[in-house]
Amino acid sequence: MSMNMRKCLYCERTSDEAPIIVFQYLDSEYGICPQHLPILIHKPAQLSEKLPGAETFGPSEGHNH
Ligand SMILES: [Zn+2]
């Protein structure tokens, strides 16, 4: 069993250091902390190295700043 879901996939903080929100993707579970949850929502492409295919999440609406 992987421990990936117990830490933020972006900053790798664990649930000892920050609340970790667990989500499921491609039959696997991942965790992300509240600080980086907005990246998952708004800029998933930044996570594409850690989440294969993340750049295809949802409509981007061309809303890039
Ligand atoms: Zn984080």
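The values are calculated or read from the model by the stated rules, or taken from the named source; none is laboratory data. Given the structure is predicted, the values throughout are model-derived calculations rather than measurements. The area values use the complete protein model at the heavy-atom level, side chains included, leaving out ligands, DNA and RNA. Shrake-Rupley method; radii C 1.70, N 1.55, O 1.52, S 1.80 Å.
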> Would you list LEU26, LEU51, LEU37 from the most to the least accessible area, probe 1.4 Å?
Replying inline: LEU26, LEU37, LEU51
> Taking amide H positions as placed 1.01 Å from N in the peptide plane, with prolines and chain starts having none, which residues 5 or more places from TYR25, or on another chain, fall under 5 Å of its amide H?
Replying inline: TYR30
